[in-house]
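S.K.: Take this structure first; my questions come after.
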Amino acid sequence: MTEDPRTPDEPAGNGAPRPPRDWGAQPGSAPSWGDPPPPAPRLPGTGSDAATGAEQAVQPGIVPVRPLTLGELYDGAFRAIRANPRVLFTFAAIVVAAVGLLQAVASWRAHAALATVEEWAASGPELSDPGGELEVVAAQLVTGALAQVLAWIATTVLTGLLVRTVYAAVLGEAPSVRQAWAGVRGSVWRLLGLALTVIVAVAALALAPPVLLGLLGTGLGGAWPVGGIAIGIVVALVALAFVVPRTVLATPALVVERRGIGGALVRAWQLARGSSARVLGILVLTWILVGVANGIITYPMTLLGGAVDPTGLGWAYALGTLGAVLASAVTTPVAAAVTSLLYLDLRIRREGAASVLTAD
């Protein structure tokens, strides 16, 4: 039998990602996946001419480590899922299912609370125990809000874990769920703080211009309120188109480079400088594709639910929730992978391949 001429360090000929050699090592004998890997050999062209794209393209994992085309970004996202389906599909599906169940419970309790209020309004002022009934409604609304908060936390942490896993796939590694969690565990609070900061900023930009200009138009009278709101919507869209491409890369920067909240936002702003139009275009295209995929998966479930239960409750609601969970399980990893690869692409364009191949 002829011996395999490849050395243990070389990947298989089919280019499939391989696990790091030290994952099965005894404690203390080698760093784990969550620890920084050893520096990669210096590549040709990674000195002063790194930003010109003169470096030699290598491909230790799912994509070549060079500036990526649009097709390579999307192809790399699906390659990442195929390279590590345990984390990027199975585990993501479990988390998304749990989040969908929490959101379904929140929506159901809110619907029940509103239905109770409508029933009271229709029955008149005669209530056997107004204080007790109001406490029930308040408890339902609080439970629903708590479920939404827990769902947001789970989704945020899952996104960070997916980003770290995609970065490992680019390096040719396929960490388990436990190893991926070890790489992102120390960043959980910063991830939540970053997500909350971005949500507040985006909400302020989206709501402030229409509200302020609408109020200003109300003071002028006539058609000014409508005109003020319309102008405010345009201003808000322009502001969002400017800010979103400069903040969407903050999560990968925080997870991969282990930066703080402010440092991750600054880093994302620097990476997107001069490329914001391209980043925005890729984001919009990804959102459109995700929306189409969601529609393809959820629409048949909605039709089936309507046929089984025309009231829109019971089986119809359950089937609609199931369709939404299935759609999110498919689209969430893909969207996270595209954002992660876009972040790495911009790093390579600005700093060269060595910035990705060496540990942060």
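The values are calculated or read from the model by the stated rules, or taken from the named source; none is laboratory data. Keep in mind that what you see is a predicted model, and the values were worked out from it rather than measured. Note that we place each Cβ from the backbone using ideal geometry, even for glycine, and neighbour counts take in every protein chain shown.
S.K.: Cβ-Cβ distance below 8 Å, separation of 6 or more or different chains: which pairs start in segment 76-88 with a residue that is under 9 Å from ALA337 (Cα atoms) and end on one that is aliphatic (A, V, I, L, M) and not in a helix (DSSP H, G or I)?
M.R.: Listed pairs, sorted by first residue: GLY76/ILE62; GLY76/VAL63; GLY76/LEU68; ALA80/ILE62.
S.K.: From the list VAL234, VAL188, which one is of a type in the set (A, V, I, L, M, F, W, C), assigned to a helix (DSSP H, G or I) and closer than 30 Å to ALA354 by Cα?
M.R.: When all the criteria are applied, what remains is VAL188.
For every residue, the table says whether it meets (1) outside any helix (DSSP H, G or I); (2) under 19 Å from ILE81 (Cβ atoms); (3) modelled with pLDDT under 65.
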residue	(1), (2), (3)
SER107	no, no, no
VAL117	no, no, yes
GLN140	no, no, yes
LEU146	no, no, no
LEU150	no, no, no
ILE153	no, no, no
VAL163	no, yes, no
TRP181	no, yes, no
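S.K.: Tell me yes or no: at least one residue of segment 191-210 is modelled with pLDDT of 80 or more, under 24 Å from VAL63 (Cα atoms) and surrounded by 14 or more Cβ atoms within 10 Å (Cβ to Cβ).
M.R.: In the first step, residues of segment 191-210 are kept if they are modelled with pLDDT of 80 or more; the result is 191-210.
Okay, now just the ones that are also under 24 Å from VAL63 (Cα atoms), so none.
No: zero hits.
S.K.: Take segment 165-179 and flag every residue that is assigned to a helix (DSSP H, G or I) and small (Gly, Ala, Ser).
M.R.: Answer for segment 165-179, where residues must be assigned to a helix (DSSP H, G or I) and small (Gly, Ala, Ser): ALA168, ALA169.
S.K.: In segment 172-190, which residues are hydrophobic (A, V, I, L, M, F, W, C) and surrounded by fewer than 18 Cβ atoms within 10 Å (Cβ to Cβ)?
M.R.: Residues of segment 172-190 that are hydrophobic (A, V, I, L, M, F, W, C), as a first pass: 174, 177, 180-182, 184, 188-189.
Answer for segment 172-190, where residues must be hydrophobic (A, V, I, L, M, F, W, C) and surrounded by fewer than 18 Cβ atoms within 10 Å (Cβ to Cβ): VAL177, ALA182, VAL188, TRP189.
S.K.: Take GLY131 and tell me if it is out of contact with any Leu (no Cβ under 9 Å at 6 or more places or on another chain) and at pLDDT 85 or above.
M.R.: no
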